[in-house]
Amino acid sequence: MSKSISEKNRDLILGDLASVEKNPQYDTYEKLVSTKDYFVQPEGDLCEVYCEKLKIVAGKPEVVESVDAAIVRIKEIIGEEVLLCNNKDLLQILEKNSIPYNTDSEYARVAKFSLTTCEALAARTGSIFVSSAQIEGRRLISAAETHIVLAYANQICPDLAECIDVIEGKYGNKFPSQVTAITGPSRTSDIEKTLVLGAHGPKNLYVLIVK
């Protein structure tokens, strides 16, 4: 039985690929552990740098002295609303402080506020790294109108490469199935070149940093 044109083209392509000699240049993976050769690195207090960068991308960083102080701010931010949260460590804190929450992902359809932790923060870009090991699904970081992140000053890294290095060091061979880098609230300027926040995700992004 004769082959179709598409089958012949496929065989040609596969044959070409098989005939290419292996390039030893790509035999090993060289891990990127720093971006200092490509970007100007943050100087000074990383917490201050991070806050400045996050403000530039319309995020709302706040430095607090303790977890208790962060809880006070969370209560002020959400008012009488119910938080969307499914992180076990955070749920214990919410229970202790009588803050109402809902863990059902379907609640994301109507939730106004969500609360998560993070894996790391990148000072140079003002980014937040969140992984699937901390939350179930993406709705907590994408559905609510306001996303609140509880972080710690010692989680702030100079740049993206160091953040990935921290995550790899934490999980080893059990690397999370998904890692998301969030840089400011959701935004678009597709419509008449006008910047709109909250177009495809949270309109507000708070990062409460426990110093």
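Descriptive notes on the structure:
- Residues of the stretch 42-77 classified as exposed (fewer than 14 other Cβ atoms within 10 Å of the Cβ) and either touching a Pro at 6+ places or on another chain (Cβ under 6 Å) or in a loop (DSSP other than H, G, I, E, B) (or both), total: 5
- From the options PHE129, PHE175, residue that is among the aromatic types (Phe, Trp, Tyr), within 26 Å of THR35 (Cβ to Cβ) and modelled with pLDDT under 95: PHE175
- Output for the stretch 1-41, where each listed residue is in a loop (DSSP other than H, G, I, E, B), at pLDDT 75 or above and open to solvent by 70 Å² or more (accessible area, probe 1.4 Å): LYS36, ASP37, TYR38, PHE39, VAL40
- Single residue of GLU136, GLU168 found to be in a loop (DSSP other than H, G, I, E, B) and either open to solvent by 40 Å² or more (accessible area, probe 1.4 Å) or among the charged types (D, E, K, R) (or both): GLU136
- Qualifying residue in the stretch 98-109 (condition: aromatic (Phe, Trp, Tyr) and over 26 Å from ASP45 (Cβ atoms)): yes
- Filter pass, LEU150 being at pLDDT below 95 and crowded, with 21+ Cβ neighbours inside 10 Å: no
The values are calculated or read from the model by the stated rules, or taken from the named source; none is laboratory data. Every value quoted in this text rests on a predicted model; they were computed, and no experiment measured them. Virtual Cβ from ideal backbone geometry, glycine too; neighbours counted across all protein chains shown. The protein model used for the area step is the full one, side chains on, heavy atoms only, and it has no ligands, DNA or RNA in it. Shrake-Rupley method; radii C 1.70, N 1.55, O 1.52, S 1.80 Å.
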